[in-house]
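Participant: Pasting a structure here, questions to come.
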Amino acid sequence: MQKLEKQMVLKDPIYGYIHIDDVLIKKLIDSSLFQRLRRIRQLSGVQMVFHGAEHSRFSHSLGVYELAYRFSEVKAIKAALDERTKLLFFAAALLHDIGHGAYSHAFEDVFGVHHEEIGARMIVERPEIRNLLLDVDENFPKDVASIILKKGDFPLIEQLISSQLDIDRLDYLERDAFFTGTSYGHIDLDRILRVTDIKDGKVVFHVQGIHAIENYLVSRYHMYWQVYYHPVSRAYETILEKIYLRVKDLCLQSFDFKTDVSALKGIINNPNDLEHYLRLDDFYFNGLISSFTTSDDDILRTLANDFLNRVIWKYIDDVPENETTIEDIKKRYGNQAKYFTSHRSVANFAYQDDTIHFGEEIMILLKDGKISTLKEQSHLIQGLVITGIKQDPKFFYRKQ
């Protein structure tokens with residue numbers, strides 16, 4: 001595994017520095033496919049509520065890599081990873097979000113694509129990334145892709161990157177809290193690092209670290225409801241989804257957009273079209289939406305102007321007592337209701353007591369060496385399993 005002659009560092013507002021020792025990691029960061037993540041915001045619609053949330057998938061991915069770097073120095077993890085497996089851990093952490101498209105999840109919902117699947121394809125099919133990984137060995141690209149797809153080939157790494165307590169969440173909670181200016185997402189990372197261990201091939205946490213884990217789970221719960229699921233953010237992303245929907249419908253009608261929508265048409269015709277998908281980032285869509293503000297199509301023009309000028313739609317709780325009001329609003333829009341109204345519900349839990357999927361149950365290492373579960377050891381978590389499940393169905397609509 002080729003090392004840099006001198007360690008490279010990147011200044012980071014969360015960790016101070018991102019540390020890079022491996023030639024492969026530097027080359028992956030310098031690749032055009034990874035640099036593309038600079039042009040995709042981490043939080044899309046959240047920026048309409050928290051104006052500082054302008055950070056990108058690029059900075060988040062670097063942060064997840066840095067956490068992989070730091071966790072690899074934990075004594076038990078260091079002992080469990082040989083040089084190849086450690087580099088596999090680093091590469092998968094860095095590339096875990098490489099498949100994201102424009103405005104992330106809103107795009108996925110409309111076009112039925114999944115960033116994990118696309119990211120895995122980019123790793124094994126695109127020469128720029130694949131050839132860099134092949135420099136390690138012929139199985140390296142496939143192994144990185146399998147971790148992103150959680151195929152179970154490398155359970156320890158998969159648990160570290162994607163589980164209920166993983167380096168992906170540890171980074172985005174702290175990073176998103178920093179850039180939104182909120183206090184909910186702050187985590188005692190140093191404490192979690194100190195109590196992390198390996199037992200029977202699984203990540204476990206020493207019992208004395210339970211309070212740090214409880215704080216992490218409560219912080220995650222509050223971040224979802226106060227930041228990620230903020231109704232204004234959801235209203236703004238609803239407009240974006242309606243733009244996607246209208247463009248999709250107009251493409252099927254052979255509408256003359258008077259602007260280049262070839263990449264978007266390519267995805268509509270074939271969601272697996274990787275060549276066109278890679279052109280779709282926030283910059284591309286922002287340019288398209290700007291051009292749509294003068295479109296000959298009234299619906300598209302209205303949606304585009306709402307999006308660019310932050311005309312936030314109204315919303316009410318989507319509950320039985322509001323059913324008559326909701327139906328009246330939809331009737332006023334008639335056959336355009338699908339573009340100007342939306343039923344959207346979100347749900348989240350503080351802790352999921354999942355014993356089926358590997359790595360989803362947070363395991364606690366007791367002082368006598370036995371393994372227990374977080375639910376069994378924490379009265380707070382016992383209560384959250386029962387009460388920490390919340391849904392928020394809302395009806396969004398454009399005020400006429």
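Participant: Once the other residues with Cβ under 15 Å from the Cβ of residue 2 are scored (Lys, Arg +1; Asp, Glu -1), what is the net sum?
Facilitator: Details: positive: 3, 6, 26, 27, 84, 86; negative: 5, 21, 22, 30, 83, 135, 137.
Overall, the nearby charge balance is -1.
Participant: Helix 167-180 against the longest principal axis of the chain: what's the angle in degrees, Cα atoms only, rounded to the nearest 10?
Facilitator: 50 degrees
Participant: Is there a quick way to get the dipole size of segment 108-183? I mean about its Cα centre, with the Cβ of Lys and Arg at +1 and of Asp and Glu at -1; what is the value in debye to the nearest 20?
Facilitator: Values: 8 positive and 17 negative charges, 10 e Å.
Dipole about the Cα centre, nearest 20: 40 debye.
Participant: Return one quarter of the surface area of the convex hull spanned by the alpha-carbon atoms of segment 3-181, equal to its mean projected area, in nm².
Facilitator: On the way: hull surface 41.6 nm².
Its average projected convex-hull area is 10.4 nm².
Participant: Follow-up question, since we're still on this one. Would you mind getting the Kirkwood hydrodynamic radius of segment 279-400 from its Cα pairs, rounded to one decimal in Å?
Facilitator: On the way: mean 1/r = 0.0532 Å⁻¹.
Radius from the Kirkwood sum: 18.8 Å.
Participant: Looking at segment 1-107, how many pairs of lysines come closer than 17 Å at the Cα, when each pair is eight or more places apart or spans two chains?
Facilitator: Here the count comes out as 10.
Participant: Follow-up question, since we're still on this one. If we count other beta carbons within 10 Å of each Cβ, what is the order of 126, 234, 38, fewest first?
Facilitator: Numbers: 126 18, 234 22, 38 14.
The fewest-first ordering by Cβ neighbours comes to 38, 126, 234.
Participant: Using +1 at the C-beta of Lys and Arg and -1 at the C-beta of Asp and Glu, which of 289, 309, 160 has the Cα lying farthest in the positive direction of the dipole of the chain?
Facilitator: The residue sitting farthest along the positive end of the dipole is 309.
Participant: Mind giving me the nanometre distance, one decimal, between the label points for residue 76 and residue 391, set 7 Å out from Cα along Cα→Cβ?
Facilitator: Output for this residue pair reads 3.8 nm.
Participant: Still on this structure, I have one more. Give me the distance in nm between label points sitting 7 Å out from Cα along the Cα-to-Cβ direction at residue 232 and residue 328, one decimal.
Facilitator: Between residue 232 and residue 328, the label points sit 2.7 nm apart.
Participant: Listing 324, 302 from the residue with the fewest other Cβ atoms within 10 Å to the one with the most, what is the order? Walk me through the numbers on the way to the answer.
Facilitator: Numbers: 324 9, 302 21.
Final ranking by Cβ density, sparse to dense: 324, 302.
Participant: Could you work out the helix-only [θ] at 222 nm for the chain, with each DSSP H run of four or more residues adding -39,500 (n - 2.57) and the total divided by the number of residues, to the nearest 500 deg cm²/dmol?
Facilitator: Working: 22 runs with 207 residues, N = 400.
Value at 222 nm, helices only: -15000 deg cm²/dmol.
Participant: So what's the convex hull volume per residue for the Cα atoms of the chain, in Å³? Please report the intermediate quantities before stating the final value.
Facilitator: Working: hull volume 57.9 nm³, N = 400.
Dividing the Cα hull volume of the chain by its residues yields 145 Å³.
Participant: So, with +1 on the Cβ of K and R and -1 on the Cβ of D and E, and no other charges, what is the size of the charge dipole of segment 3-181 about its Cα centre, to the nearest 20 debye? Can you show the working numbers first?
Facilitator: Working: 23 positive and 28 negative charges, 61 e Å.
The dipole of segment 3-181 has a size of about 300 debye.
Participant: Cα axis of helix 298-308 to longest principal axis of the chain: angle in degrees, 0 to 90, nearest 10?
Facilitator: Helix 298-308 sits at roughly 40 degrees to that axis.
Participant: What net charge do the residues around residue 34 carry, taking every other residue with its C-beta under 14 Å from that of residue 34, with Lys and Arg at +1 and Asp and Glu at -1?
Facilitator: Values: positive: 26, 27, 36, 38, 39, 57, 126, 130; negative: 30, 97, 128, 281.
Cβ neighbours under 14 Å give a net charge of +4.
Participant: Another question, if that's okay. Sorted from fewest to most neighbouring beta carbons within 10 Å, what does the list 122, 8 look like? If you can, show how the numbers build up before the last one.
Facilitator: Working: 122 24, 8 16.
Going from sparsest to densest Cβ surroundings: 8, 122.
Participant: Only four residue types carry charge here, +1 at the Cβ of Lys and Arg and -1 at the Cβ of Asp and Glu. Report the dipole size of the chain about the Cα centre in Debye, rounded to the nearest 20.
Facilitator: Numbers: 50 positive and 59 negative charges, 136 e Å.
So the dipole magnitude of the chain works out to roughly 660 debye.
Participant: Also, I was wondering about something else. Along Cα→Cβ, 7 Å out, is where each label goes; now give me the distance between the ones at residue 345 and residue 188 in nm to one decimal.
Facilitator: A separation of 3.7 nm, rounded to one decimal place.
Participant: Given a cut-off of under 8 Å on Cα pairs at least six residues apart, what relative contact order in percent is computed for the chain? List each step's numbers first, then the result.
Facilitator: Details: 570 pairs, mean separation 62.6, N = 400.
The value is 16 percent.
The numbers here are math on the coordinates, done by the rules we state, and not lab data. Everything numeric here is computed off the predicted structure, so don't read it as measured data. Reconstructed Cβ throughout: ideal geometry from the backbone, glycine too, with neighbour counts over all protein chains shown.
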